[in-house]
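What follows is a structure written as structure tokens; I'll ask about it next.
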Amino acid sequence: MSLAPIKATRLLAASLCLWLTGTAVAPRVQAEETLRPATSFAAIEDPAERSRALFMEAAKVLTHPRCVNCHPSGDRPLKHDGEILHYPPVERGADGHGVVGMQCQTCHHSSNFEPAGVPGAPHWHLAPRSMAWEGLSPGEICRQVKDRQRNGDKDLAAIVKHMSEDSLVLWAWEPGSDREPAPGNAKDFAQLIVAWAETGAECPP
């Protein structure tokens with residue numbers, strides 16, 4: 001079976017999404033912030049203090065639009081770097097994948113589609129409502145992330161795995177089009193989270 005009809009259909013669908021969303025394709029913007037390596041915090045002798053400092057550094061990523069846009073306080077995702085409400089006006093739906101007829105996968109596939117500037121990654125969806133952290137401080141996000149009543153019953157090892165390996169998290173550094181990537185890189189962020197966990201997973205005040 002020829003792949004041409006499939007590619008043509010995907011291009012047509014993405015073009016429709018482009019027309020609906022007004023997304024423009026432009027050269028990728030470089031992140032303005034970098035991340036300090038986890039090793040740079042070794043001089044902080046008190047483990048609890050060091051743990052809090054490590055999380056504050058990781059929070060540069062967690063509070064960046066690449067993360068916050070999928071952790072909104074409402075039922076609509078955000079977009080771009082100004083935390084603009086997603087258009088068309090899609091809704092969260094029962095499972096975070098959108099409502100019938102307007103599900104995330106209609107436009108967002110397993111990878112970025114650069115011809116139309118449409119972002120994508122495997123299992124594209126919103127974070128659960130219980131993990132909405134738009135407008136929260138780093139300390140509030142930290143306590144929320146650790147709360148098994150809100151985080152999907154994840155223990156600390158599962159949290160580290162999610163933040164280090166999940167495809168949606170890793171997408172933040174490869175957002176495509178004109179979107180600014182999250183600060184630093186995925187490896188440095190993962191090392192910060194690992195070091196935070198190893199020093200007691202303390203939260204900033």
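Could you list, in their original order, any pairs among 79/187; 79/154; 60/187 whose Cα atoms are separated by more than 21 Å?
Numbers: 79/187 25 Å; 79/154 27 Å; 60/187 14 Å.
Beyond 21 Å between Cα atoms: 79/187; 79/154.
Another one. Would you calculate the separation in nanometres between label points at residue 166 and residue 198, each defined as 7 Å from the Cα along the Cα-to-beta-carbon direction?
For the pair residue 166/residue 198, the computed spacing is 2.3 nm.
Provide the gained length on full extension for the span residue 106 to residue 34, in nm with one decimal, where the gain is 0.36 nm per separating residue minus the Cα-Cα distance. Walk me through the numbers on the way to the answer.
Details: separation 72, 0.36 × 72 = 25.92 nm, distance 3.37 nm.
This chain segment gains 22.5 nm when fully extended.
Normalised by the number of residues in the range 129-184, what is the relative contact order in percent for Cα pairs under 8 Å and 6+ residues apart?
Numbers: 28 pairs, mean separation 10.2, N = 56.
Contact order relative to length: 18 percent.
Among 58-65, 36-43, what's the highest-first ranking by average C-beta atoms within 10 angstrom per residue? Don't jump to the answer; show the numbers that get you there.
On the way: 58-65: 21.4, 36-43: 13.6.
Result, highest mean Cβ count within 10 Å first: 58-65, 36-43.
Here's something else I'd like to know. Around residue 155, under 15 Å between beta carbons, what's the net of Lys plus Arg minus Asp minus Glu among the other residues? Before the final figure, lay out the partial values.
Working: positive: 146, 148, 150, 154, 161; negative: 147, 153, 198.
Neighbour charge sum, excluding residue 155 itself: +2.
Every read-out reported here was derived from the displayed coordinates using simple, explicitly stated rules and does not represent laboratory data. What you are looking at is a predicted structure, and each value in this text was computed from that prediction instead of being measured. FYI the Cβ positions are ideal-geometry reconstructions off the backbone, even for glycines, and counts take in every protein chain you see.
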